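Some notes on the structure that comes next.
The values are calculated or read from the model by the stated rules, or taken from the named source; none is laboratory data. As the structure is a computational prediction, the values presented were derived from the model and not from experiment. Glycine also receives a Cβ, built like all others from the backbone with ideal geometry; neighbour counts cover every protein chain displayed. Just the protein is used for accessible areas: all its heavy atoms, side chains included, with ligands, DNA and RNA removed. Shrake-Rupley method; radii C 1.70, N 1.55, O 1.52, S 1.80 Å.
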Amino acid sequence: MSLTARALLLDMDGTLVNSDAVVERYWRIWAAEQGLDAERVLKVVHGRQAHATMAVLLPDRPMERNLADNRWMLERETADLDGVVPVPGAPAFMAALAALPHALVTSADEALARARMGAAGLPMPEVRVTAERVGASKPDPEGFLKGAAELGFAPADCVVFEDSEAGIAAGRAAGMRVVGIGPRAGAHAPDAHVRDLEQVRIEALADGTMRLHFPD
């Protein structure tokens with residue numbers, strides 16, 4: 001199958017970069033400190049900013065405590081890059097996109113995004129919407145809508161690449177088509193689903209659009 005787009009909006013963790021080892025390390029520590037079951041926690045952490053996940057898990061907890069723990073987690077995850085690697089196919093995928101409209105839309109802040117993209121050996125997109133630039137975390141569509149606006153395209157002309165339930169919901173809420181990457185994405189009915197970025201081929205068309213090819 002194939003999709004045609006004018007711009008791509010790319011999540012980072014789980015989509016371009018495999019950071020699961022680091023993410024799980026610090027969420028397990030946090031879960032133990034809160035007396036929560038780590039496996040239950042790990043099912044909902046992907047795709048959101050940490051404070052938003054904490055609010056889901058502990059709805060009666062004061063937000064200032066969530067924000068403080070969010071800062072603690074960001075500091076440690078930014079410094080700990082052990083196990084951060086590119087998703088298979090990501091280097092070639094980013095190289096194919098170099099001259100085409102694309103943006104990074106991530107729940108990581110700027111420092112964490114730079115650290116992880118660098119550790120994975122991937123180029124940092126010129127246009128990026130990081131945690132500091134949005135008022136609401138995914139599954140809110142704000143980040144994707146900002147990315148599309150900065151690139152100068154209507155939401156319907158953009159395709160989102162995402163791995164998480166929250167990210168796929170955000171892309172849909174923004175009025176965009178969504179390509180799901182990896183095992184987490186398959187359960188949430190994206191418009192197309194691939195194992196990893198090795199299964200995506202980008203064809204630049206003469207009219208400035210791009211055609212995305214996936215296995216049938």
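Beta carbons closer than 7 Å, at least 6 apart along the sequence or on distinct chains, pair a first residue in the stretch 178-189 that is within 17 Å of VAL44 (Cβ to Cβ) with a second that is open to solvent by 10 Å² or more (accessible area, probe 1.4 Å) and acidic (Asp, Glu) for GLY182/ASP196; HIS188/GLU165. In the stretch 29-41, the residues that are farther than 11 Å from LEU58 by Cα form Cβ pairs under 6 Å with partners that are open to solvent by 80 Å² or more (accessible area, probe 1.4 Å), at six or more places apart or across chains, as follows: ALA38/ARG28. Taking the stretch 167-214 as the range and being small (Gly, Ala, Ser), in a strand (DSSP E or B) and under 17 Å from ASP13 (Cβ atoms) as the test, only GLY180 passes. Counting only residues that are surrounded by 13 or more Cβ atoms within 10 Å (Cβ to Cβ) and among the acidic types (Asp, Glu), the stretch 176-214 holds 3 of them. Here ILE202 clears all of (1) closer than 19 Å to VAL17 by Cβ; (2) touching an Asp or Glu at 6+ places or on another chain (Cβ under 9 Å); (3) among the hydrophobic types (A, V, I, L, M, F, W, C) except the condition numbered (2).
Does at least one position in the stretch 151-165 carry a residue that is open to solvent by 10 Å² or more (accessible area, probe 1.4 Å) and within 24 Å of PRO86 (Cα to Cα)? Yes, because at least one residue in the stretch 151-165 is open to solvent by 10 Å² or more (accessible area, probe 1.4 Å) and within 24 Å of PRO86 (Cα to Cα).
Taken over the stretch 119-129, the residue count meeting the criterion of being on the phi < 0 side of the Ramachandran plot and open to solvent by 20 Å² or more (accessible area, probe 1.4 Å) is 6.
Answer yes or no: is there a residue in the stretch 124-138 that is at pLDDT 95 or above and in contact with a Cys (Cβ under 9 Å, 6 or more places away or on another chain). No: the stretch 124-138 contains no residue that is at pLDDT 95 or above and in contact with a Cys (Cβ under 9 Å, 6 or more places away or on another chain).
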